[in-house]
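K.L.:
One structure is given below, represented as structure tokens, and several questions about it will come after.
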Amino acid sequence: MATAAAKRYARAVFELAQQEGTVDEWARRIAKVRELFDDPEVAAVLSNPTIAIREREALVATAPKLFDEEATNLARLLIESGRVDEAPEVDEEFQRLADDAAGRVRATVTTAVELLSEDRERVARELSKRLDKDVKLSVVVDPRILGGMKLQYGDRIVDASVATRLEQLRRRLAAS
């Protein structure tokens, strides 16, 4: 879940991107900033309060062809405000805003075994029809759920896994 600050940064960048008609470009820029800030060594340096902010900003600004001017400005802003660790949340919130604006929803289906392509398409099609939105589906394989599936989209989770049903049965039997 994104922090309030990450949401504000993402919304500000998204509104700018919408006005300029550059949402896809900004999505790539934010992803690049996130990628750099995800490196633990880089994040440690850029978050280090013993190094002057101007020096930390200069590291990002002087890196050859690392970012364009806009991405550099975003990176500098995150460094200056001490929010280097929130870059992933800014990226995720920006993606969510872009998806909402485009009428898309991202969904994750978790199964115990790999889904066949026709099953993936069927899940995506049915969810798309139900939500009346284009669905970008990602699949996660987790043998711990034993069977069935978990479906997550937005802030909703539909858990139809065998592991969950067995746990519910165990609780009912223990309560009897």
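The values are calculated or read from the model by the stated rules, or taken from the named source; none is laboratory data. As the structure is a computational prediction, the values presented were derived from the model and not from experiment. Here Cβ is always computed from backbone atoms with ideal geometry, including for glycine, and neighbour counts include all displayed protein chains. Heads up: the accessible areas ignore ligands, DNA and RNA and are worked out on the full protein's heavy atoms, side chains in. Shrake-Rupley method; radii C 1.70, N 1.55, O 1.52, S 1.80 Å.
K.L.:
I need the strands (runs of 3 or more DSSP E) fully contained in region 114-176, keeping only those with at least 2 residues that are open to solvent by 60 Å² or more (accessible area, probe 1.4 Å), hydrophobic (A, V, I, L, M, F, W, C) and closer than 26 Å to ALA102 by Cβ. Give the steps one after another, and end with the answer.
P.N.:
On the way: elements: 134-141, 148-153, 156-161.
It comes to 156-161.
K.L.:
Same structure, new question: Only residues in region 122-138 that are over 18 Å from THR111 (Cα atoms) and touching a residue at least 24 places away in the same chain (Cβ under 8 Å) count as the first member; pair them with residues that are surrounded by 15 or more Cβ atoms within 10 Å (Cβ to Cβ) and among the aliphatic types (A, V, I, L, M), Cβ under 7 angstrom, at least 6 apart or cross-chain, and list the lot.
P.N.:
From region 122-138, the pairs are LEU131/VAL105; LYS133/VAL105.
K.L.:
Moving to a separate point now. Residue check, ALA107 against (1) open to solvent by less than 50 Å² (accessible area, probe 1.4 Å); (2) part of a helix (DSSP H, G or I); (3) closer than 27 Å to GLN152 by Cβ, all met but one. Which one?
P.N.:
(2)
K.L.:
Do any residues in region 81-92 that are under 16 Å from VAL13 (Cα atoms) have Cβ atoms under 7 Å from those of residues that are among the β-branched types (Val, Ile, Thr) and surrounded by fewer than 21 Cβ atoms within 10 Å (Cβ to Cβ), where the two are at least six apart or on different chains, and which pairs are they?
P.N.:
Correct list of pairs: GLU86/THR3; GLU89/THR3.
K.L.:
For the structure I just gave you, tell me whether ALA98 is touching a Gly at 6+ places or on another chain (Cβ under 9 Å), of a type outside the set (Phe, Trp, Tyr) and either within 30 Å of LYS7 (Cα to Cα) or in a helix (DSSP H, G or I) (or both).
P.N.:
Considered against the rule, which asks whether it is touching a Gly at 6+ places or on another chain (Cβ under 9 Å), of a type outside the set (Phe, Trp, Tyr) and either within 30 Å of LYS7 (Cα to Cα) or in a helix (DSSP H, G or I) (or both), ALA98 comes out as no.
K.L.:
Just checking, how many residues over region 1-25 are open to solvent by 80 Å² or more (accessible area, probe 1.4 Å) and either among the polar types (S, T, N, Q) or assigned to a loop (DSSP other than H, G, I, E, B) (or both)?
P.N.:
3
K.L.:
Taking the condition of being over 16 Å from ILE30 (Cβ atoms) and touching a residue at least 40 places away in the same chain (Cβ under 8 Å), how many residues in region 103-117 meet it? Give the derivation first.
P.N.:
As a first pass, look at region 103-117 and keep what is over 16 Å from ILE30 (Cβ atoms): 103-105, 107-117.
Among the residues that remain, those that are also touching a residue at least 40 places away in the same chain (Cβ under 8 Å) are: 105, 107-110, 112.
The number of residues fulfilling the criteria is 6.
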